[in-house]
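The next block holds one structure in the form of structure tokens; read it before the comments.
Each value in this text was obtained by applying a stated rule to the coordinates, not by laboratory testing. This structure is a prediction, so every number in the text was calculated from the model and none was measured. Positions of Cβ are generated from backbone atoms using ideal geometry, with glycine treated the same way; all protein chains shown enter the neighbour counts.
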Amino acid sequence: MPINKKSTPGPNFALLSSPLDLGFTTLKNRSIMGAMHTGLENPLSGYKLFGYKKLAEFYRERARAGVALIITGGVSPDFSGRLSLLSPQLSHAWQLPAHRDLVQAVHEGGAKICLQILHAGRYAYHPFARAPSAIRSPISPYRPRALSDRQIRKLIAAFARTASLAQQAGYDGVEIMGSEGYLINQFVCPGSNKREDSWGGSFENRIRFSLEIVRAVRQATGSDFIIIYRLSMLDLRSDGSSRDEVRRHAVEIEKAGASMINTGIGWHEARIPTIASVVPEAAFSWVSGMIRQHVAIPVITSNRINSPQRAEQCLQNGDADMVSMARPFLADSEFMRKALDGRPELINTCIACNQGCLDHVFSGRRASCLVNPRACYETEYPPEKAASKKTIIVVGLGMAGLSCAFHAAMRGHHVIAYDADNLGGQFNLAAEIPGKESYARSIRYFDSQLSLLNVEVHRNHRVSFEDLRDCFADAIVIATGVVPAIPAIPGIDHFSVMDYVTAIRRREMLGDRVAIIGAGGIGFDIAEMLAVNKHCDWYQQWGIDRHFRGRGGLLEKRPDCGASRTVYLLQRKKGKPGKRLARTTGWIRRLSLRRAGVNMLSGVSYEKIDDFGLHITHHGIPVTLAVDHVIICAGQHSENSLYGQLENIGQPVHLIGGARRVRELDAETAIREGMELAYSF
Ligand code: NAP
Ligand code: SF4
């Protein structure tokens, strides 16, 4: 039964762990692993060789650990709706065996599984895109062709056929993707639907496509089949649905035969973050709560819910009957088991970085997870003990060293680990950046795992060559990290200059005018820390109306939050600063800095630093930036002197992370390298 609004919480996530009776079937608890592509669905990721076997193992591990329902990544009902030419489609009976592998793995694990049916509409990244009207999306190079009335009816039948095939493959249900700006959403929104026939114009006409799909799917699959409809509850575009239209749409979707309504927030083209780390946790659960008041079927909430505590809170607030989390199950396959066992502190928290998952998928690579590089590589890195137990010494417990120590201990090795300071290395600095506070949880996770696995951890112990010269170990891993690089600029020793480590640690000492040398990931972090006004409410900052008074849930006018400092962010390269930032989050960071009034200058050369400030040449013109402080974010040097010394005397030494290579190094690579080395022992 849906949770009563007045339910009271008990210990061990009483609401999250309670079953949900859908009448014809029961979900064992209130957790859903939400739809997410992994790259294992498409032919380039080994699908041809392995079918869905790798994907099945990925799901099996999560199903075994207690999640109630898994929703697959979106599968198109026809060719035009594929996200890219190689994206999955389910339209033929010959495709069923691969799906049966998936379903079987999930059922053996004790969970249920729904297939998401997604037609990309004008977001299809190929020339065969179709949409309600021939209007190109600002995030796609392809102009879609408008669907004819006959094609629309054929498409509705295609949704029903895919659902029926899913049922034959053993799926417990389907999720119909009606949000995030994909085809069905494009029909609902007047900005993308300019039709003058019975599929456009009035609100009733615009929602007709979604309702007919739900009816057709229900008719094709019968009453004992889960149909989840993912409803765009907040379009986050100025011509999006009004609050009343969303409510009416939800009511009609229920009447059309849906079993549950899931929450969709924001079109992909809306320049408002909805799942990145800057988004507050459970930032949109109030929207689900608003809709839940108007329907009798269960409502699922989603977006930035990354802990069982937060999930329980959403249920307690009466915002939803179930909670959907996608990335948290990449970060920790055992998420639900740890929650249900009352050990949530052992969960490897998703830090919402998108680096290992969405950034990979959007660049056509297999997804994984920055904090859990085994994700989607379950068959390559099985959770098995090594053939023989070895003694491994790890020097340096930044993220590379932590990952290596953890994975080696997990494989049954005897691990002794040292750090000159405490654990976490550069991640400690990242955790100080606004919006990245949860990075501290990753350090805590690895720390607690090392202690559970009886790793001998020596903190505040700087290991010397003498310590290791005569030691007996099967492997010595040098993961001593990096030190900030200091460029040779005249006046670099001036008292106003400091490196980024000092700037983060002593930020309260910084003046009102600051220049940052280097506009890489760390330069952006520092600019964000200094310039973005912390007193401005997050919703206001992004123009979201928490009262949902206007169309799409937007404020009529986004208030100017103002900058807290004058900040210059500088680079020598020509081109746009931040061009190399990650695909799914770089735009958020560039936009935040622009709005905070950060002066981003490219193509500068640094002349000198003195009492007047930083002297640069910009477009051939000498300029003096009269700043109080100059912060150096010009990359790093490897710290690896121990390695060469040990190698010279024949010790079995390995070098990983920043100590091995600083170019193109980031936390994702460091953690993955740590795991890969541990699996080689
Ligand atoms: P980075 O991204 O390589 O940027 C270094 C910056 O320093 C560049 O903008 C470079 O620009 C400048 N620079 C290099 N040599 C210089 C010199 N001799 N004099 C003056 N400027 C110089 O390195 P990072 O910012 O230190 O970041 C380290 C790693 O962590 C990177 O891989 C980064 O992607 C990752 N990271 C990622 C995030 C994230 O949010 N995803 C955040 C922080 C760090 P010019 O050469 O054009 O001047
Ligand atoms: Fe979460 Fe980052 Fe892992 Fe993606 S890569 S699941 S966002 S921690």
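Points to keep in mind about this one:
- 5 angstrom amide H check on I117, placed H, neighbours 5+ away: V75, E175, I176, M177
- Estimated [θ] at 222 nm from DSSP helical runs (n ≥ 4, -39500 (n - 2.57)) normalised by residues in the chain, nearest 500: -9000 deg cm²/dmol
- Whole-Hz ³J(HN,Hα) from phi, Karplus 6.51 cos²θ - 1.76 cosθ + 1.60, for the stretch 566-583, glycine and proline x: 8, 10, 10, 10, 10, 9, 7, 4, 6, x, 6, x, x, 4, 8, 5, 4, 4
- Per residue, the convex hull volume that the Cα atoms of the stretch 325-469 enclose (Å³): 135
- For L569, the amide hydrogen comes within under 5 Å of the amide hydrogens of I516, N599, M600, L601, counting only partners 5 or more places away or on other chains and with H modelled in the peptide plane.
- A DSSP coil position with no more than 14 other Cβ atoms inside 10 Å describes the following chymotrypsin sites (Phe, Trp or Tyr not before Pro) in the stretch 120-171: F128.
- Candidate cross-link partners of K28 among the lysines, defined by an alpha-carbon separation under 28 Å and a same-chain spacing of 8 or more, comprise K5, K6, K53, K54, K112, K255, K338.
- The charge dipole of the stretch 497-634, taken about its Cα centre with unit charges on the Cβ of Lys, Arg, Asp and Glu (plus for the first two, minus for the last two), comes to roughly 780 debye.
- Restricting attention to the stretch 497-634, the count of lysine pairs at 8 or more positions apart or across chains with alpha carbons under 27 Å apart stands at 7.
- Taking Cα atoms only, the orientation of helix 149-169 departs from the longest principal axis of the chain by about 70 degrees.
- Amide hydrogen neighbours beyond the local backbone of Q636, cut-off 5 Å, H modeled: A485
- Each residue of the stretch 496-508 was assigned a 3J(HN,Hα) from its phi angle through the Karplus curve 6.51 cos²θ - 1.76 cosθ + 1.60 (θ = phi - 60°); the sequence is 7, 9, 8, 7, 5, 5, 5, 4, 5, 6, 10, 4, 5 Hz, with glycine and proline shown as x.
- Cβ crowding within 10 Å, taken as a proxy for footprinting-reagent exposure, orders I433, I272, I649 from fewest neighbours to most as I649, I433, I272.
- Shape call, the stretch 497-634: gyration tensor on alpha carbons, a/c limit 1.5: prolate
- Angle between the chain longest axis and helix 53-64 axis [Cα atoms, degrees, rounded to 10]: 90
- Each Lys and Arg contributes +1 and each Asp and Glu -1, all at the Cβ; summed about the Cα centre of the chain, the dipole is approximately 2080 debye.
- Residue order, fewest to most surrounding Cβ atoms within 10 angstrom, among W587, W267: W587, W267
- Dipole axis of the chain (+1 Lys, Arg; -1 Asp, Glu on Cβ), positive-most option in Q426, L530, Y377: Y377
- Those Cys residues of the chain for which no other cysteine Cβ falls under 4.7 Å: C114, C189, C314, C350, C353, C357, C369, C376, C404, C471, C633
- Whole-angstrom gap from the stretch 165-187 to the stretch 203-279, using each part's C-alpha centre: 11
- Shape category assigned to the stretch 29-152 from the gyration tensor of Cα positions, a/c cut at 1.5: prolate
- Per DSSP, loop trypsin sites (Lys or Arg not before Pro) in the stretch 613-680 with at most 15 further Cβ within 10 Å: R663
- The chain shape via C-alpha gyration tensor axes, a/c threshold 1.5: oblate
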